[in-house]
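None of the figures in this text is laboratory data; all of them are computed from the coordinates on show. On a predicted model such as this, the values are computed, not experimentally measured, just so you know. Cβ: placed from backbone, ideal geometry, glycine included. Neighbour counts: every protein chain shown.
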Amino acid sequence: MAGRHVAFLRGINVGRAKRVSMAELRKVVEDLGYRDVATLLNSGNVVFTVPGMMRGDHAARIERGIAERLGVSSRVTAMTAEELAEAVRANPLRQALENPSRFLVAVIRKAEDRAMLKPLARQKWGVEAFAIGDRVAYLWCPERILESPLGVAVGKALGDGVTTRNWNTMVKLLALAGGGGSQDGTSPARGKRR
């Protein structure tokens, strides 16, 4: 599908493992034929335009390119700008926006994997909250992120088929992709190109 897309790399630039510079990452994606490539932050967020004639699995193509050119193995999940806009717009956990750095969006590699998260939606998570969207799951982790019981459970359920970003990052990516967005998903915000 042509148009703006976002790719999320899993597990890069965490500690000393899997170090990837954003300049190198942009070059790999550009050399694969994508246009208007931009990155956000240092955690592997890439916004790009798919030319009209290009078809296929963009996530798999970028994943192979990173492995071949940079020697780094990183699971890549991609979604269209429209899917990202819907994920922001459809957020059911509005109360979590009081502290968006503790509000995570888990981007699911395959839409059919949502089924593996349904048992988690039926559980009680104490102060944490959980909801499932079309291509994402929403995790409110007000006390801690790294050892959040909810975050650990989502990771166990989906393994490398999921990667998470905080709400601020998702909103900035949406703005960078040209979809507008804000803390509440209602008005435009400016993303930073890095």
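Rank-order 102-109, 27-34 by packing density, defined as the average count of other C-beta atoms within 10 Å over each peptide's residues, highest first.
102-109, 27-34
Using a simple charge model, +1 on the beta-carbon of Lys and Arg, -1 on the beta-carbon of Asp and Glu, nothing else, what dipole does the chain show about its Cα centre, in debye to the nearest 20?
320 debye
In the Gaussian network model of the chain, springs joining C-alpha atoms below 10 Å, which of G65, G126, G178 carries the largest mean-square fluctuation?
Comparing G65, G126, G178 in a Gaussian network model of the chain, the most mobile one is G126.
Over 10 Å intervals from 0, what percent of Cα-Cα pairs in the range 3-82 sits in each interval?
Each 10 Å bin holds this share of Cα pairs: 19, 60, 19, 2.
Please find the FRET efficiency linking S73 to A111, where r is the Cβ-Cβ separation and R0 is fixed at 30 Å, and quote it to the nearest 0.05.
It comes out at approximately 0.80.
With charges set only on the Cβ (+1 for Lys and Arg, -1 for Asp and Glu), what does the dipole of the range 1-62 come to about its Cα centre, in debye to the nearest 20?
200 debye
Give the lysines reachable from K18 as a straight Cα distance under 28 Å; neighbours fewer than 8 places away on the same chain don't count.
Of all the lysines, those that pass the test against K18 - Cα under 28 Å, at least 8 places apart if same chain - are K27, K110, K156, K172, K192.
Looking at V152, V76, N42, which one has the Cα that reaches farthest to the positive end of the dipole of the chain (charges on Cβ: Lys, Arg +1; Asp, Glu -1)?
Toward the positive end, the furthest listed residue is N42.
By average Cβ neighbour count within 10 Å, what is the ranking of 116-125, 150-159 from highest down?
Working: 116-125: 12.5, 150-159: 16.5.
The peptides rank, most packed first, as 150-159, 116-125.
Only four residue types carry charge here, +1 at the Cβ of Lys and Arg and -1 at the Cβ of Asp and Glu. Report the dipole size of the range 119-165 about the Cα centre in Debye, rounded to the nearest 20. Mind showing how you got there, number by number?
Details: 6 positive and 5 negative charges, 20 e Å.
Magnitude of the dipole: close to 100 debye.
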